[in-house]
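Visitor: Quick one: the structure is below, and I'll ask about it shortly.
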Amino acid sequence: MDIAPLVKRVARGKHGSDHLNQEESRFVFSELLKPDADLLQLGAFLIAQRMKGETPAELTGFIQATHEHIPHFGMTTAMQGAVDLPCYAGKRRAAHAYLAAALQCRDAGIPIFVHGVEHIEGRITAWQILQEQGVQRANSLTEAQNIMQHDGLVYMDLAEISPDLHRIYQLRPRLGVRSFANTVARLLNPMQCEGQLNGFFHTPYANYMAEANVLLGQIRSLIFMGAEGEPELYADRQKVVKMQVGNDISDIHFEDCGHTPYPRTGKDPLNDIIEEFDNFLLTFEESRELSTLQRMKSAFLWASGKGNLKNTIFQKSAYE
């Protein structure tokens, strides 16, 4: 089937474009993920979706298409209580407190699957931190499963999870703008972990991502505006948090801990973040960082099904 009519529907401009349904989205993106896909159609579709904006049904279709391109997806899954931790933003202003929490929660018996990209220009990635801490990197889902069972925490790069999606993800410099491939990567949950902690940077993605997780059958997830776009809750000004459990999505609110605000400027030199992380593991001198650590540990416990979120206020149902 020619996908040109589907590309045309989403590329007819602000007032003429049309949303695709979930199955149409799955089909068109599955075709575009193929190594021999028409690059002109691929670029046109990515830009058109960027201009139009994706719906939860479209995101779900894109994710399902990517699942079809992941070797052994669905045949190799994480153990009970595992937490999916997608890290696709990197940091440049402060150390990765969420990774310190992840390492401590691993030691407490919570299995964690971390995925992302190994290098982001101008930022320190999760892999750069975890590599320094001796965390193993898997090259396949089967290897990831074995490492998780033995070590409790494993990293896998998008390049190994889905080379096809990674190829599209890497087009950002050529396209000039971010595409939905970034959001798809964050919602992949390659090991089908029961829990997920997922950060974003732009507020509109909160509902899209939470509703897509409902359509995907995710058991539970916490989707929130994260520090620098990473899955790290703020201690000083947490704005948006969506709690998804089965078909239900609720807004929750964390109390402000009253600490100094999260840094606004980047580290210079950037590698100071790695040293800061090492010191952070040992000292916990900064009260803001300690509060973030405690908040993230509570989030990991909740995502694993082993505890409740602390210091939160339930607000309202956001999805029926």
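Values quoted throughout were computed directly from the atomic coordinates according to the rules given, and no laboratory measurement underlies them. The model shown is predicted, which means the values in this text are computed figures rather than measured ones. When we count neighbours, we look across all protein chains shown, and the Cβ atoms used for this are built from the backbone with ideal geometry, even at glycine.
Visitor: Take every DSSP beta bridge whose two residues both sit in the chain, then give the antiparallel share in percent to the nearest 5. Before the final figure, lay out the partial values.
Guide: On the way: 17 of 37 bridges.
Within the chain, antiparallel bridges account for around 45 percent of the total.
Visitor: Quote to one decimal, in nm, the extra length available between Met75 and Glu23 on full extension: 0.36 nm per residue of separation minus the C-alpha distance between them.
Guide: Numbers: separation 52, 0.36 × 52 = 18.72 nm, distance 2.24 nm.
Net length gain for the segment: 16.5 nm.
Visitor: Still on this structure: Could you check the spin-label model distance between Arg237 and Phe201? Points 7 Å from the Cα along Cα→Cβ, value in nm.
Guide: Between Arg237 and Phe201, the simple spin-label model gives 1.7 nm.
Visitor: Need one number: nm distance between label points at Glu255 and His166, each 7 Å from Cα along Cα→Cβ, rounded to one decimal.
Guide: That separation, rounded to one decimal, is 4.5 nm.
Visitor: Moving on. Below 14 angstrom from the Cβ of Ala303, what's the summed charge of the other residues (Lys, Arg +1; Asp, Glu -1)?
Guide: Computed value for this residue: +4.
Visitor: Still on this structure, please answer the following. Using θ = phi - 60° and the Karplus relation 6.51 cos²θ - 1.76 cosθ + 1.60, list the HN-Hα couplings for region 11-17 in order, rounded to whole Hz, with x at every Gly or Pro.
Guide: Computed from phi, the couplings for region 11-17 are 10, 8, x, 4, 9, x, 6 Hz.
Visitor: Under 11 Å from the 7 Å Cα→Cβ point of Ser287, by amide nitrogen: which residues of region 240-279?
Guide: Flagged as within label range: 257-260.
Visitor: Too long at a 32 Å Cα-Cα cut-off: which of Lys52/Lys306; Lys34/Lys239; Lys14/Lys267; Lys34/Lys306; Lys14/Lys34; Lys239/Lys306? Mind showing how you got there, number by number?
Guide: Values: Lys52/Lys306 40 Å; Lys34/Lys239 38 Å; Lys14/Lys267 40 Å; Lys34/Lys306 40 Å; Lys14/Lys34 28 Å; Lys239/Lys306 25 Å.
The answer is Lys52/Lys306; Lys34/Lys239; Lys14/Lys267; Lys34/Lys306.
Visitor: Would you tally the net charge around Glu230, using a Cβ to Cβ cut-off of less than 11 Å, leaving Glu230 out, and scoring K and R as +1, D and E as -1?
Guide: On the way: positive: Lys91, Arg92, Arg93, Arg123, Arg186; negative: Glu228, Glu232.
Value of the local net charge: +3.
Visitor: Mind pulling the per residue volume of the convex hull built on the Cα atoms of region 4-68? Å³ is fine.
Guide: On the way: hull volume 4.5 nm³, N = 65.
Looking at region 4-68, the number lands at 69 Å³ per residue.
Visitor: What does the helix-only formula give at 222 nm for the chain: each DSSP H stretch with n ≥ 4 adding -39500 (n - 2.57), the total divided by the residues, and the result rounded to the nearest 500 deg cm²/dmol?
Guide: Numbers: 14 runs with 136 residues, N = 320.
Computed mean residue ellipticity for the chain: -12500 deg cm²/dmol.
Visitor: Continuing with this model, one more query. Residues with beta-carbon under 14 Å from that of Arg172, excluding Arg172: net charge, scoring Lys, Arg +1 and Asp, Glu -1? List each step's numbers first, then the result.
Guide: On the way: positive: Arg50, Arg123, Arg167, Arg174, Arg178; negative: Glu121.
Local net charge: +4.
Visitor: Could you sort 34-47, 139-152, 74-87 so that the peptide with the highest average Cβ count within 10 Å comes first and the rest follow in order?
Guide: Details: 34-47: 14.9, 139-152: 16.9, 74-87: 20.1.
In descending order of packing, they fall as 74-87, 139-152, 34-47.
Visitor: Going from the alpha-carbon gyration tensor of region 188-278, what semi-axes, largest first and in whole Å, does one get by taking the root of 5 times each eigenvalue? Each step should come with its number before you reach the end.
Guide: Numbers: eigenvalues 150, 53, 24 Å².
Rounded to whole Å, the semi-axes are 27, 16, 11.
Visitor: Using Cβ contacts closer than 10 Å as the measure, can you line up His19, His96, His202 from fewest to most? Let's see the in-between values first.
Guide: Details: His19 15, His96 27, His202 10.
Lowest to highest Cβ neighbour count: His202, His19, His96.
Visitor: Let me ask you something else. On average over all directions, what projected area in square nanometres does region 1-157 have, based on the convex hull of its Cα atoms? Walk me through the numbers on the way to the answer.
Guide: Details: hull surface 45.3 nm².
Projected over every direction and averaged, the Cα hull of region 1-157 covers 11.3 nm².
Visitor: Another question about this same structure. If you find the alpha carbon centre of region 226-258 and of region 51-67, how far apart are they in angstrom?
Guide: 23
Visitor: Between rounded, prolate and oblate, where does region 58-107 land on the alpha carbon gyration tensor, with a ≥ b ≥ c its root eigenvalues, rounded for a/c under 1.5, else prolate if a/b exceeds b/c? Present the calculation step by step, with values, prior to reporting the outcome.
Guide: Details: a/c = 3.28, a/b = 1.51, b/c = 2.17.
Here region 58-107 falls in the oblate category.
Visitor: While we're here: Per 10 Å bin, what percent of the C-alpha pairs of the chain does each bin hold, from zero upward?
Guide: 6, 28, 35, 23, 7, 1, 0
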